[in-house]
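Working notes, structure below.
Computed from the coordinates by the stated procedures, all read-outs in this text should not be read as laboratory data. These figures come from a predicted structure and were not determined experimentally. All Cβ positions, glycine included, derive from the backbone under ideal geometry; neighbour counts span all protein chains shown.
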C-alpha cells in the first residue's frame, strides 16, 4: 500500500480522519495512568469518549497500525507508522489502546506463531477484547530467568501446570497469561522450557497483588495448582520456549526503553522544571540540561534502530543498550523532577499529584525486563565480544 | 547510514589506514610538523577538499552528512589535515556568498591549493557574540586591530576568516594571512596540531575583503560554524571509537591474576556502558548531518546536540581508555595519550559542552 500513494497524501487522509474521529476528550496526551485504555473482558471505560475512540480505531486497524490487516492491523509500513504517530502527536491524541498483547505477545506470535494461532489470538488483542499478562519471573528466577521451575507435566493431550510466578503485571485484571513453563526437567536449563498460553479463569489459577513502594499494586504473584493446559496452547515448539522468550524480551526492552526518550506529556523536562521553580539553581539546571541532551539523543537512537529493523537489520542485542540507557535516563529525569518539586513533592497526592509515586515507580524500570547489570553483561558479551 | 555513506566510510578508512595511521601522526609530532602537504593533495584528488564545493567550481559537493563520515574516519586515527577549517567551515562560509571571488576561492579549495583558518575566538572560551576586535571604518575600507586566539590551522593557513566588530554589528573579513600588520604566533598545542594566536595591528581591509554583508557576519559565519561543529562532533566520535577499539582490544589480551582482564565484570560493565554512550552520540551526529543537508535553517539544535554529546562521549572514552590501559597508557610511547589530548582540544574548539548545552536548553524552552 505504501507504493500506491505518496506520504503527503497518506498524511492528509490521516489528518482528516483524526480530525473527524478523535473525540476532544481524547486529545490530552493521556499521560496519567487513569487515562490508559488497557482493554480486556472486564474493562470498564472511563468515558464514552474512550470507548468511541477505541471502537473507531479498531475499525481502521489503528490500535496496531503495522500488523497485517487480516490480524486486525492497518498493514502500515514503518514510514507510514511514523506519519501516523506524528499526526497522532500533532493533535495530542491518546493512544487508543495499550496492552502487553500489543507490545509483547503480538510481536512474538507474528514471528513464531502459525497462521491459525495468529487468527485466533491477534484480532482479539487488536480489538482490546482480551487482556494478557506476562508470566516470566519466579521467586527463584529473577535475573537468572532461564532457571524457572514452574512445571508442566506431560499428560498426553495437555500439560498439568504447577508452580508460582511473581511480578506478573496486572495479573489480577488479565484474561490470559503467556508463561514460561519447564516441560523437561532433564534438559539443560535453556532447552527445557515451553512458552504456554493459559486462561486466567482456569481452575487452579490464583493471583495476589503485591503492594509496592510506590503505594500501588501493579504487580502480582500468580499461583498455578494442577492447571490443565491443552497442547495447542503453545507458541513455538515444545522445550524451545526460551527462543520465544528471548525474542519477546527484546520487544519488552524496546518498549521500556521508550520511557527514557524525551518528554512527559509532550513537554521538555526543562520546561516542566522551569514551571515548578521560578529560578532553577545551578546544579538543577545543569542536571536538567544534561538529561535533556541525553533524552533527545535517546529518542533519535530509538528512531534509528526502528528504521534499521524496518530495513531488515534487527536491533537484536542492541535492545539491551536501548533498555539500559532508556531506563537509567528515566530514573534520572524523575530524580530531577523530585528535586525541582522540593517539599511539595514529598506528599502523596499533594499539589504535584502523584509525583513521588511516579518517581518510585521508575526505580523498577532498571530491574524489570532484565536489570541494567544484565543488560551491560549482554552488551559486553555479544556486542563487544568480551570473554564470559 | 545510507549505503552510499557506508561505502564512503569504507573507502576513507581504506585510504587513511595506508596514508595516515596514528603512526604517521606520531612521526609528524616528533618532527614538529603540523601539516602534510602530500596528504592534503591526495585528499583533494579524492574530492574531500571539495566535499562542500559545488560541482561547477570543481567540487564533489557530497554534502554535510558525507563530510561527517569523512571526519569520523579521520578522527579514528587522529589524522591531521585542514579538512575542518578549510573544506568544511571556509567552504560553507564562501558558499553563502555568490560573487565571482567566492566562487574562485571555492575552486581553489577544492583543488587543494588554498587553505583557510577561522579567526573567531578572543577569550579562553568560544563566544562569537562577545567579539571585541574592531574593524574601524577608514576611507572606503576598514582597519582591523585586535587579537585572536586558538585559531586552528592559523599558523599555516593561506587565508583567514576574521570576525570583527563594525559600526552596527559583526563583519566577517576574508584576508590573506600575510597581510601587513598581521603577526602570527604558533601555539605549542598539547595535541601537536596547528593553532595560532594572531595579532592584528591596523590591518587594512577593503570592501572587497568583506565576506557577505557588513554588520551581518552571522549570515555567513553561522552556517559555517554549524557545519564545523557537526564535523568536529563526527571527528570526536571517530576519536572515541578509535580509543574504544584500542581499549576493548587491550581488555581481551592483557592478562593479570592469571586471566584476561576483560573477564572482570567491573571492567566489562564500564566498557559496555561506554559503547552505549557511543551509540546515542552516533544518532545525534547522523541527525545533525541530515538536517544540515535537508533543512539547514533549523539545524542549530541538532548541531549543538551532536557537539555536546560527542564532547561528553569522547571525554569518557579517553578517560576510560587510559584508566583501563593502566601504566602503559600514561607513556608517551603508547598512543592513548594522543587520543586524550586531541579529545581535550576538540572539547574546547567551537564551543565546549556547556556552550552547546546552553543552546539546547534555549531551544527546549528553559
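Ordering A:170, B:334, B:339 from the fewest to the most neighbouring beta carbons within 10 Å gives B:334, A:170, B:339. Counting Cβ atoms of other protein chains within 10 Å of each residue's Cβ and taking the mean over peptide A:320-332 gives 2.
The alpha carbons of segment B:126-185 occupy a box of 31, 27, 15 Å along the principal axes, longest dimension given first. For segment A:132-239, a Kirkwood hydrodynamic radius built from all Cα pairs, placed in the Stokes-Einstein relation at 20 °C and 1.002 mPa s, yields a translational diffusion coefficient of 156 µm²/s.
For chain A, what does the helix formula give at 222 nm: sum of -39500 (n - 2.57) over DSSP H segments with n ≥ 4, over the residue count, nearest 500 deg cm²/dmol?
-12500 deg cm²/dmol
Nearest 5 percent is fine: what portion of the DSSP beta bridges confined to the protein assembly as shown is antiparallel? In the protein assembly as shown, DSSP labels about 85 percent of beta bridges as antiparallel. Distance between the C-alpha centres of segment A:44-74 and segment B:314-334: 55 Å, rounded to the whole angstrom. The angle separating the long axis of helix A:282-310 from the principal Cα axis of greatest extent in chain A is about 50 degrees. The orientation-averaged projection of the convex hull spanning the C-alpha atoms of chain B amounts to 18.5 square nanometres.
Averaging 1/r over every pair of different alpha carbons in chain A and inverting the result gives a Kirkwood radius of 22.3 Å.
Measuring nothing but how far apart in sequence close Cα pairs (under 8 Å, 6+ apart) lie, relative to its length, chain B scores a relative contact order of 16 percent. Over all directions, the projected convex hull of the C-alpha atoms in segment B:117-216 averages 5.8 nm² in area. A convex hull fitted to the Cα coordinates of the protein assembly as shown yields 180 cubic angstrom per residue. Dimensions of segment B:218-363 based on its C-alpha atoms, expressed as ranges along the principal axes with the largest first, amount to 61, 27, 23 Å. Taking each DSSP H run with n ≥ 4 as -39500 (n - 2.57) and averaging over every residue of chain B yields -16500 deg cm²/dmol at 222 nm. The angle between the Cα long axis of helix A:78-90 and the main principal axis of chain A comes to about 50°, on a 0 to 90 degree scale. Protection proxy ranking, highest mean first, for peptides A:34-40, B:155-161: B:155-161, A:34-40, where packing is the per-residue count of other beta-carbon atoms within 10 Å, averaged.
Each of A:283, A:46, B:187, A:380 was scored by other Cβ atoms within 10 Å of its Cβ. Arranged with the fewest first, they read A:283, A:46, B:187, A:380. For residue A:317 and residue A:349, the difference between the fully extended length at 0.36 nm per residue and the C-alpha to C-alpha distance is 7.6 nm. When DSSP beta bridges are restricted to pairs lying wholly in segment B:151-292, around 95% turn out antiparallel.
To the nearest 0.05, what FRET efficiency results for residue B:46 and residue A:90 with a Förster distance of 45 Å applied to their C-beta separation? E(calc), rounded to 0.05, equals 0.55. If you plug the beta carbon distance of residue B:298 and residue B:168 into 1/(1 + (r/R0)^6) with R0 = 30 Å, you get a FRET efficiency near 0.65. Potential lengthening of the chain between residue A:371 and residue A:110 amounts to 91.3 nm, from the contour at 0.36 nm per residue minus the alpha-carbon distance.
Between residue B:202 and residue B:56, the FRET efficiency from the beta-carbon distance, with R0 = 41 Å, is close to 0.60. The spread of Cα positions in segment B:1-138, taken along each principal axis and listed from longest to shortest, comes to 51, 39, 28 Å. Let me know the shape class of segment B:154-265, please: from the alpha-carbon gyration tensor, a ≥ b ≥ c as square roots of the eigenvalues, rounded when a/c is under 1.5, otherwise prolate if a/b is greater than b/c, or oblate. Because a/c hits 1.5 or more and a/b exceeds b/c, segment B:154-265 counts as prolate.
Just to be sure I understand: with springs between alpha-carbon atoms less than 10 Å apart, which residue in A:279, A:138, A:80 has the highest mean-square fluctuation in the Gaussian network model of chain A? With Cα springs under 10 Å in chain A, the top fluctuation among A:279, A:138, A:80 is at A:279.
Pairwise Cα distances in segment B:217-290 exceed 14 Å in 68 percent of cases. Averaged over peptide B:305-318, the number of partner chain Cβ atoms lying within 10 Å of each residue's Cβ comes to 2.
By the Kirkwood approach, averaging reciprocal distances over each pair of separate Cα atoms, segment A:244-383 gets a hydrodynamic radius of 15.9 Å. For segment B:1-123, relative contact order (Cα pairs under 8 Å, six or more residues apart, normalised by length) works out to 30 percent.
With a 10 Å cut-off around each Cβ of B:260-267, the average count of Cβ atoms from other chains is 3.
To the nearest 10 degrees, how steeply does helix B:353-363 sit against the main Cα axis of chain B, on a 0 to 90 scale? Once rounded, one gets 70 degrees.
Sort segment A:23-112 into rounded, prolate or oblate with this rule: let a ≥ b ≥ c be the square roots of the eigenvalues of the Cα gyration tensor; rounded if a/c is under 1.5, and if a/c is not under 1.5, prolate when a/b is larger than b/c, oblate otherwise. In terms of gyration-tensor shape, oblate. Given the C-alpha centroids of segment B:1-32 and segment B:148-203, what is the distance between them in whole angstrom? Using only Cα atoms, the two centres lie 28 Å from each other.
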